[in-house]
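No lab work stands behind these numbers, since they all come straight from the coordinates. Every value quoted in this text rests on a predicted model; they were computed, and no experiment measured them. Glycine also receives a Cβ, built like all others from the backbone with ideal geometry; neighbour counts cover every protein chain displayed.
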Amino acid sequence: MSGRLDRLREGLRAVARIARWEARRSVGVVDRQTAILGFVALLLAGAVGGAAMATGGVALDRDVYRVGVDDDSPYHEVVRESPALAAQPPDIGRLGREVEVVVSDGRVYVADSKKARAALSTFRSAVRSRNLQRMREEPNESAAFPVVVTLQYVERGPDGVVASGDGGGSGGRASDGDGGVNSGTSDGSDDGGAGTGSGGSDGGGNDGFGAAASGSTGDGPLGVPGFGGVAGGLLGGGTSGSPADISPPFPFGALVLAFVFFIPMNFVIQPYGSTVLNERINRRGELLLVAPVSPTAIVAGKTLPYLATLVGITAVVALAIGGGPVSVAAVAPIATLYLAATFVGGMFARSFKELTFVTVSISVFLTSYAFVPAIFTNVTPIALISPLTLVVHDLQGTGVTAAEYVFSTGPFYVGSAVCFLLGIGVYREEDMFTQRPVPLKFLDALNSRITGRRSVAVLSALSIPFVFIAELLAIAVLFVLPVEVSVPLLLVAVAAVEEVAKSVHVYAGFRGPFAGQRGWRTALVLGALSGLGFFVGEKLTAIVQFVGLPNLTLGRAAFSSAGIAATPALGLLLLLAPLALHATTTSIAALGATRNRSTYLAALVPAVAVHAAYNLAVVSTLG
């Protein structure tokens with residue numbers, strides 16, 4: 001026991017020593033011009049984010065509509081404060097040519113054009129917002145807002161029916177979308193409807209811009225985003241509660257979060273990938289290879305400074321936008337996967353040009369994966385596939401459960417470990433200093449982890465995080481399509497992703513450890529073992545039951561095997577059928593992998609077809 005502790009302490013000291021060397025070397029190679037450019041870029045990013053937070057968003061339609069109004073008119077301030085409106089002199093003769101709307105002598109004149117009608121709608125919205133603001137300043141809040149409106153998002157049931165939420169004692173109705181709107185009067189009477197008042201006609205009248213009555217909002221289980229701090233105005237906080245203002249949450253907050261968190265990551269992975277590739281140029285890393293230090297300690301020491309930098313930046317950003325430890329814990333696995341994927345890219349790339357392509361691809365894919373689902377944070381459980389959604393919930397103050405955290409970040413943690421594992425597998429002289437194409441380096445990385453037939457099953461199980469990420473991303477992409485189209489496409493996509501994940505290391509093995517055993521018996525044994533490993537790992541997807549994903553049609557289609565059977569016999573059938581499927585389809589692909597790449601790709605076609613047909617039968621039978 002003492003010997004193990006001594007070795008552990010020595011390994012930790014080696015990691016710390018390499019980390020110090022890497023930190024000093026990284027600081028030394030950054031020249032003054034590069035540091036200045038990086039600092040300026042960060043300042044610009046902060047300026048854009050700060051301006052967005054200060055203004056509540058980027059006004060892409062600034063000054064697009066022109067409204068003629070006198071300086072002493074009560075509407076002049078409304079036009080001046082609205083980003084989309086530009087104040088002009090109230091000349092009726094310029095109507096339709098230089099202005100779209102003219103406010104004069106208590107009347108509103110509108111040109112006969114689509115742009116003018118859009119300008120009128122924008123003007124009405126601006127006046128309504130101004131009236132609501134004035135009413136919020138009234139000391140007697142109940143007199144200013146006699147109607148109380150509660151907005152509550154409820155989950156869509158498996159049959160597509162939206163359950164009515166609990167309106168806190170008031171009558172209500174379920175909307176036709178993903179959420180229900182429960183409304184009642186402020187005195188607690190149950191009238192089942194939303195009451196609104198208006199100081200004037202809202203449409204058609206000459207002076208139809210009276211103050212609309214409004215109510216206060218109360219958050220439901222998911223609620224309307226109610227962020228604090230500097231992010232309050234930007235990310236949806238401070239809603240008025242007026243029935244006229246009720247609308248789905250705008251995703252601009254997720255855009256800004258993605259921008260603020262991910263830009264620093266792109267700056268950090270560039271030098272990290274460069275330092276990995278530098279070790280492979282002109283055999284510069286040979287001294288480390290012959291040192292009495294394991295490759296794992298070398299990679300850990302070289303990665304630690306960059307990971308610490310990203311975590312520190314994430315903590316600063318989270319603190320600036322009102323986040324807490326949950327935000328840091330949610331973004332940390334994304335940063336880890338960024339570094340892990342960059343490390344693999346640095347080990348596979350043959351030049352800085354290839355490394356640039358790899359790092360850009362990593363950045364685009366991971367940013368898209370984290371950003372796109374976060375748009376639907378308050379709409380659907382699909383958003384939980386992104387750790388960025390956890391940041392939004394942290395800022396909302398709605399809290400995050402342990403199951404939700406594991407569901408969002410688990411694939412990132414395990415995927416990072418697998419990427420580092422594959423990269424360390426080729427951190428050796430015969431791979432580091434050779435100019436082999438990236439696909440062949442990938443096969444070498446797989447072969448480095450194949451020590452026998454049982455390791456084939458282990459690699460299949462380790463592929464689950466990447467399969468999970470790919471399938472969840474497919475769900476997010478196909479979510480907007482009609483169910484009649486999205487479900488068949490998803491079934492084919494799931495089958496293709498799983499068949500490649502189960503068989504690619506078998507194909508690599510026949511060009512490595514199993515090169516002398518290319519018979520059909522070996523192919524069937526390896527196919528069965530790979531299918532078994534994937535089947536065991538696939539059961540981990542049962543966590544989707546805890547986050548509500550099976551309530552969606554696409555969620556049930558992708559993860560139907562995670563369900564619970566009604567009878568023991570059916571449960572046993574559901575347990576054994578996927579095992580038989582995975583073993584059969586992987587064996588088909590393994591038979592093609594025994595010869596060459598062309599036959600392997602050709603064998604994938606029937607394997608994917610059989611898998612997709614099985615998925616379709618399960619979805620059709622079990623719903």
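Could you tell me how far the Cα centroid of segment 80-148 sits from the Cα centroid of segment 516-534, in Å?
About 72 Å separates the Cα centre of segment 516-534 from the one of segment 80-148.
Residue separation times 0.36 nm, minus the C-alpha to C-alpha distance between A417 and L576: what's the value?
54.3 nm
Assuming R0 = 51 Å, what is the FRET efficiency of A143 and T621, from their Cβ-Cβ distance, to the nearest 0.05?
0.25
Looking only at segment 431-467, which residues have a backbone nitrogen under 18 Å from a spot 7 Å from the Cα of R518 in the C-beta direction?
Answer for segment 431-467: 440, 443-444, 447.
What shape does segment 270-316 take by its C-alpha gyration tensor, where a ≥ b ≥ c are the square roots of the eigenvalues and a/c under 1.5 counts as rounded, a/b above b/c as prolate, and the rest as oblate?
Oblate, since a/c reaches 1.5 and b/c is not below a/b.
Quick check on the exposure proxy: order L287, L421, L601 from fewest to most C-beta atoms within 10 angstrom.
Going from sparsest to densest Cβ surroundings: L287, L601, L421.
At 7 Å along Cα-to-Cβ for each site, give me the label-to-label distance between T401 and R117 in nm.
Simple spin-label model gives 4.7 nm for this pair.
How far, in nm, would the chain grow between E429 and V485 when pulled straight, counting 0.36 nm per residue and subtracting the alpha carbon separation?
In short, 15.2 nm is gained.
In nm, to one decimal, how far is the R597 label point from the R454 one, both placed 7 Å along Cα→Cβ?
3.3 nm
I need the shape label for segment 321-433. Rule: rounded when a/c is under 1.5, else prolate if a/b > b/c, else oblate, with a, b, c from the alpha carbon gyration tensor.
prolate
Beyond a 26 Å Cα-Cα separation, which of these cross-linked pairs lie in this structure: K353/K441; K302/K502; K302/K353; K302/K539?
K302/K502; K302/K539
Tell me, in nm to one decimal, what length is gained between D6 and W21 on full extension, where the rule is 0.36 nm per residue of separation less the Cα-Cα distance?
Extra length from D6 to W21 when fully extended: 3.1 nm.
Which whole-Hz couplings ³J(HN,Hα) result when phi for each residue of segment 70-77 is put into the Karplus expression 6.51 cos²θ - 1.76 cosθ + 1.60, θ = phi - 60°, listed in order with x for Gly and Pro?
The phi angles translate into 5, 5, 8, 6, x, 8, 5, 5 Hz.
I'd like the distance separating the alpha-carbon centroids of segment 301-366 and segment 485-501, in whole Å.
Using only Cα atoms to place each centre, the spacing works out to 29 Å.
Could you calculate the FRET efficiency of V605 with S294 from 1/(1 + (r/R0)^6), where r is the beta carbon distance between them and R0 is 35 Å, rounded to 0.05?
Efficiency at R0 = 35 Å is approximately 0.25.
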